[in-house]
Amino acid sequence: FLRNRFLLTLDVYRNTTEDLLLQTKLPYSSGYTYMMQNVGSTENKGVELSLNVGVVNRKNFKFDVDFNIAFTDTKIKSLGGADKMEMSSGWAGSEITGDYILEVGESVGRMYGYETDGWYTVDDFEYEDGTYTLKEGIVSDATLLAGNIRPGSLRLKDQNGDGTIDESDKVVIGNALPKHTGGLQLKFQLWNFDLAAYFYWKYGGDVYNANKIENTTTNKYSYRNMSADVEGCWTYLNGEGGIASPEEMAQINANATMWSPIMARYVFHSWAVEDGSFLRLQQLTLGYTLPSKWTEKIKLSKVRVYASANNLFCWTKYSGFDPEVSVRRATSATPSVDYSAYPRSTAFAFGLDVDF
């Protein structure tokens, strides 16, 4: 449009992939429980839009904008005869298994765990001779999950209403796939100066922050480092360092912000799933081209000096180092796990372009 001042590109696609490798359970006993088979099938559908605009095009001033956005929908078409299949990211060994779920008709990257429901309070218990007993009708977390239940223990939601928390209460608590992704590049030229800024983003898509689980769990992991999140957690000690009575405990923890870190094992629950949306300034470059009357004197066609910065800023609400993370790469079925990931660095470069 308008003599190439506006360039618009629209791509619509549908792609089906067959014979994907999946770890499938054997229907018979052969000394092995699982084997790898080429039985998976997925379908990707999407729309990609690109727009290039020459906003200003004058002799001594130019301003161009490049914009793109993509919407993608992924569906599982086949799991080799199974309707659904749990997958494990493996970051916690055998303590957390089946923290992702594959299901025919749904997308890849669905996180599977328990829904956080706050913590138990003193009012949930009967207290006698130093022993706390849950009142009748109060949902009990199984010992397998949280250990000895007491005031301040993590509370998980009873999804099926049977009064007990177990594997049957696991639900989908997150999805790693974003609603859309895109990029924006701004390019300016003013006389001999040029400036370019490239941004890209992801909107939607959750991150499985395994660091939050590890760094807020103690007891058998008593020598682990604890994060700042535990500063406002439930405590059992009174001002003299002794075990608080129920009345003291209720008063001391009136302003608690989270449960006690004392747990029997790691538990994957919705508190550890965070929105991974971000906007990143990936590259910023400033350059200056020497006037041609100067370069001609030294028999050169063009000389340009520049400075650039990569990964300069990232705007996000994610509490970890980087929302763009996926450390469990043994399988593509468990994306967006953040566990001990090193933050990406910011790099600065200075350069010289010379055309002879």
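The values are calculated or read from the model by the stated rules, or taken from the named source; none is laboratory data. Predicted model, so just to flag it, every value in this text is computed and none were measured. For neighbour counting, all protein chains shown are included, and Cβ atoms are generated from backbone atoms with ideal geometry for every residue, glycine included. We work out accessible area using only protein heavy atoms, side chains counted, and drop any ligands, DNA or RNA first. Shrake-Rupley method; radii C 1.70, N 1.55, O 1.52, S 1.80 Å.
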Is it the case, given these coordinates, that SER107 is loosely packed, with under 15 Cβ neighbours inside 10 Å and either hydroxyl-bearing (Ser, Thr, Tyr) or part of a strand (DSSP E or B) (or both)?
no
Across segment 133-147, which residue is nearest to ALA250 (Cα to Cα) among those that are touching a residue at least 40 places away in the same chain (Cβ under 8 Å) and surrounded by fewer than 19 Cβ atoms within 10 Å (Cβ to Cβ)?
GLY147
Which residue out of ASN148, ASN215 is over 24 Å from the mean Cα position of the chain (by Cα) and either modelled with pLDDT under 95 or of a type in the set (Lys, Arg) (or both)?
ASN148
Could you look through segment 60-83, keep only residues that are open to solvent by 50 Å² or more (accessible area, probe 1.4 Å) and under 23 Å from the mean Cα position of the chain (by Cα), and pick out the one that is nearest to GLN37 (Cα to Cα)?
LYS75
Residues of segment 262-290 classified as within 14 Å of TYR112 (Cα to Cα), open to solvent by less than 20 Å² (accessible area, probe 1.4 Å) and either modelled with pLDDT under 95 or not in a strand (DSSP E or B) (or both), total
3
Looking only at segment 299-356, count every residue that is more than 20 Å from LYS202 (Cα to Cα), open to solvent by 30 Å² or more (accessible area, probe 1.4 Å), β-branched (Val, Ile, Thr) and not in a loop (DSSP other than H, G, I, E, B) and tell me the total.
2
Filtered residue count, segment 118-160, keeping only those that are assigned to a strand (DSSP E or B) and in contact with a helix residue (DSSP H, G or I) (Cβ under 9 Å, 6 or more places away or on another chain)
7
For TYR127, state whether it is open to solvent by less than 80 Å² (accessible area, probe 1.4 Å), at pLDDT 90 or above and either within 24 Å of THR216 (Cα to Cα) or among the aromatic types (Phe, Trp, Tyr) (or both).
no
Could you grab me the full set of residues in segment 1-59 that are open to solvent by 60 Å² or more (accessible area, probe 1.4 Å), β-branched (Val, Ile, Thr) and under 18 Å from ILE69 (Cα atoms)?
THR9, VAL12
Flagged pairs (Cβ under 8 angstrom, 6 or more apart or on separate chains; first in segment 19-45, on the phi < 0 side of the Ramachandran plot and in a strand (DSSP E or B); second among the charged types (D, E, K, R) and at pLDDT below 85) are TYR34/LYS25
